[in-house]
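Structure record follows, encoded as structure tokens.
What follows is calculated from the coordinates using simple rules that are stated; it is not laboratory data. These numbers were taken from a predicted model, which means no experiment stands behind them. Cβ atoms come from the backbone with ideal geometry, glycine included; neighbour counts cover every protein chain shown.
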Amino acid sequence: MVYKHLMLSIFGGDPVRQMSCQRLIDNFRQHIPLLPEEEQLICSLFSPRSFRKGQMINTEGEINRYTNFITQGSARVYYLDHSGQEHVIQLAIAGWWIGDYPSFITQQPGHLFTQALQQTEVLSLSYDNQQLLYERIPKTERFFRLLTQRAYVAFQKRMLQNLSMDAEGRYRTFRETYPDMDQQISQKHIASYLGMSAEFLSKIKKRMLKKSKPGQI
């Protein structure tokens with residue numbers, strides 16, 4: 001009842017906003033306990049933003065002012081090399097955080113692009129509001145530290161997989177680890193994330209299908 005009243009007080013009865021904030025708070029609660037007044041402050045410091053399919057959330061050369069929690073849709077972070085080739089660094093769906101983290105943390109111009117892959121809704125926390133959050137609720141600094149640590153561990157695992165696994169092994173691991181992402185994000189972006197062409201990934205999936213029993217991959 002307290003939580004329902006909290007959501008109503010912040011979003012004025014907007015059910016979509018209420019659900020988005022509840023999802024955000026649930027994400028915080030996975031790592032730190034929160035009091036009702038702390039939940040209210042957290043929700044009040046995030047701004048809802050909408051991006052259409054293909055729209056940039058941030059671009060290379062600009063300072064990333066926000067860290068973004070996806071409440072609906074999906075997005076990618078990618079690097080564009082000197083030859084114009086895109087290299088996907090991160091993929092994210094609802095319930096994930098997305099953005100150019102080095103730029104956000106340092107508040108320096110970034111080298112990455114963040115793009116919505118479909119109609120995407122996010123709750124965005126500005127750098128200044130994050131510092132305010134640390135000041136008002138010190139344990140939230142632990143929350144973001146844990147997010148950073150988990151991202152670093154995942155990045156190292158991915159690098160090791162690239163060195164130790166063949167392409168089919170990398171895709172199998174990706175599909176087993178992120179089944180929802182495998183269903184929601186297009187093959188070409190998954191292929192880029194795994195360091196292969198979309199055509200080669202298609203061949204891998206066909207080969208895996210032939211090896212499997214009917215109705216299974």
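Figures for the structure shown
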| read-out | value |
| --- | --- |
| Debye, to nearest 20: dipole size of the chain, +1 on Lys, Arg Cβ, -1 on Asp, Glu Cβ | 1040 |
| Relative frequency of Cα-Cα separations exceeding 17 Å in region 30-140, percent | 56 |
| For the chain, the Rg and Dmax computed from alpha carbons only, in angstrom | 18.9, 57 |
| Relative contact order of the chain, defined on C-alpha pairs under 8 angstrom at six or more residues apart (%) | 20 |
| GLN149 versus HIS82: modelled label distance in nm, points set 7 Å from Cα along the beta carbon direction | 3.9 |
| Potential lengthening between HIS111 and ASP180 on full extension [0.36 nm per residue; Cα-Cα distance subtracted] | 22.0 nm |
| Highest-fluctuation residue, ALA198, ALA92, ALA154 considered, GNM on the chain with Cα pairs under 10 Å | ALA154 |
| Range in the chain, longest, excluding exposed trypsin sites (Lys or Arg not before Pro) [loop by DSSP; at most 13 other beta-carbon atoms within 10 Å] | 54-217 |
| LEU163/SER44 FRET efficiency (R0 45 Å; Cβ-Cβ; nearest 0.05) | 0.50 |
